[in-house]
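The values are calculated or read from the model by the stated rules, or taken from the named source; none is laboratory data. The structure presented is a predicted model; accordingly, all values stated were derived computationally and were not measured. Neighbour counts are summed over all protein chains in view; Cβ atoms, including those assigned to glycine, are modelled from backbone coordinates with ideal geometry. Surface accessibility is based on the protein's heavy atoms, side chains included, excluding ligands, DNA and RNA. Shrake-Rupley method; radii C 1.70, N 1.55, O 1.52, S 1.80 Å.
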Amino acid sequence: MTMKKTGIIVMMAAMLLCCLPAQAQLGGLINKGKKAVQKAKEVKEKVDEGIKKANGDIDFYYMNSYQGFYRSKNRKIVLDNLNKDGKKVIYTIEKNGDVKSDDGRKVGEVLAGGVVNCHAAAPYLTMAANGDVIMDGEAVGHIDEAGNVTLEGSSIGKAPGIDKQVVAYIYFGILLDKPSIATARAKAQEEKLRAEQKRKQAEEARLKAAQEAQAKANAAGTKQTKTTQTKTAQANGKKSTNNTKPKKVQKWTIEKNGSRGFVDANGVVYDSSHKKIGQLPNGSGDIKDGWGSTIGSISSGDIYKNGTKVATVSSGGSISVPGSNATVAEVRGAGRIDMTADSKTLGYCDVRPYEWAVAIIFCDFFHF
């Protein structure tokens, strides 16, 4: 290596050693700057929190989206969206109940008795004492004591600490109006209907699966009985024949209020442990409990309890009660018995005649 090249290398090494302290100092300054920025941010957050607390500011959200805040100190509703001047939209609720926009126009009223007027409608809505939001004579929403706001039973927001009447004005008068409320309610009702239909389908599938499982269990029991009889006959030196096999009696499942039981083709009613708890008549006759005491009767579609008619069943499964010709309940597919007024399912028993299913489920003779 020449003297010239050696000198260049020594010079470059010296320059590198001189730069290292400077780089270390620069890194330290950058870290200090980051810490200072973070500290300033934390201080600002604490100051902002203090200002909000002093002014009584309470944030409100619609469907988990921030919409603004209510300043209880001066009864101002401050929305996060901007007006035509690029400023936040502000509404002020004055002492006399007038609601004015930031340009001084009167846009609504929050009056005594829960009355709220806006959108040029009076009354627009009423905040009921029980928390219901009444519009055009019916409850369209609800606000509970914790400030939870619901529409058709579904949560749309939460505004804790704000007067319910003001919450009603914010959610049902500012964030929503009558057309959007009607649209939201229709959507919620459709979703509830779909959910109910899905629940009923699942229940019917569950019942069908239970009935199939019971049928398999009954078939397995029959097979086991036949095998046992055959082995016994062989042990005694006899040949088993079908003539000596006991005839199987068909059974149907009973489901009500989470309880389970069975009824067989002879009208014998059993609980979940297959213990006899009652007897139904073949045709017209007496209904008896597990001890043989008469507790009712059936006569040509009419069902009596303690000598008093309690229900009438048509050939198609429609159920009526004394004093009314209207159908109050019906026996539907898979033996499901539903009330006609609200479609509430009372229970299941896919047995014929219909009088048996009605006596068991609708009249509840055997207390399932």
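Can you pull the accessible area of Tyr348 for me, 1.4 Å probe, Å² to the nearest 10?
Counting only protein heavy atoms, the figure is 20 Å².
So how tilted is helix 3-55 from the main axis of the chain? Cα-based, degrees 0 to 90, rounded to 10.
Taking Cα atoms only, the helix is inclined about 60 degrees.
How high is the relative contact order of the chain, given as a whole-number percent (alpha carbon pairs under 8 Å, six or more residues apart)?
The normalised contact order for the chain reaches 6 percent.
Rounded to the nearest 10 Å², what accessible area does Leu193 show when all protein chains are kept and the probe is 1.4 Å?
Leu193 exposes around 100 Å² with every protein chain in place.
Which aspartates and glutamates, on any chain, are close to Lys84 with Cα under 20 Å apart, when same-chain ones fewer than 8 places away are left out?
Leaving aside aspartates and glutamates fewer than 8 places away in the same chain, those within reach of Lys84 are Asp102, Asp103.
I need the shape label for segment 261-340. Rule: rounded when a/c is under 1.5, else prolate if a/b > b/c, else oblate, with a, b, c from the alpha carbon gyration tensor.
Judged from the Cα gyration tensor, segment 261-340 comes out oblate (a/c at least 1.5, b/c at or above a/b).
Give me the angle, in degrees from 0 to 90, between the Cα long axis of helix 178-235 and the longest principal axis of the Cα atoms of the chain, rounded to the nearest 10.
Helix 178-235 sits at roughly 40 degrees to that axis.
So how many Lys-Lys pairs in segment 100-197 land under 30 Å Cα to Cα, not counting same-chain pairs under 8 apart?
So the count of such lysine pairs works out to 14.
How would Trp356, Trp291, Trp252 rank on accessible area, largest to smallest, probe 1.4 Å?
Trp291, Trp252, Trp356
Within 10 Å, at most 11 other Cβ atoms, and a DSSP state outside H, G, I, E, B define an exposed site. Report the longest part of the chain free of exposed trypsin sites (Lys or Arg not before Pro).
106-237
Computed over the Cα atoms of the chain, what is the ratio Rg over Rh, Rh following Kirkwood?
The Rg/Rh ratio comes out at 1.34.
Taking H placed 1.01 Å from N in the peptide plane, check which residues at least 5 places from Arg336 or on another chain put their amide H under 5 Å from its amide H.
For Arg336, the qualifying residues are Cys349.
How big is the accessible area of Ile143 in square angstrom, nearest 10, if you roll a 1.4 angstrom probe over the protein chains?
Accessible surface of Ile143 is approximately 0 Å².
Check cross-link reach from Lys305 to the lysines: straight Cα distance under 28 Å, and skip same-chain residues fewer than eight apart.
Lys251, Lys256, Lys275, Lys276, Lys288, Lys344
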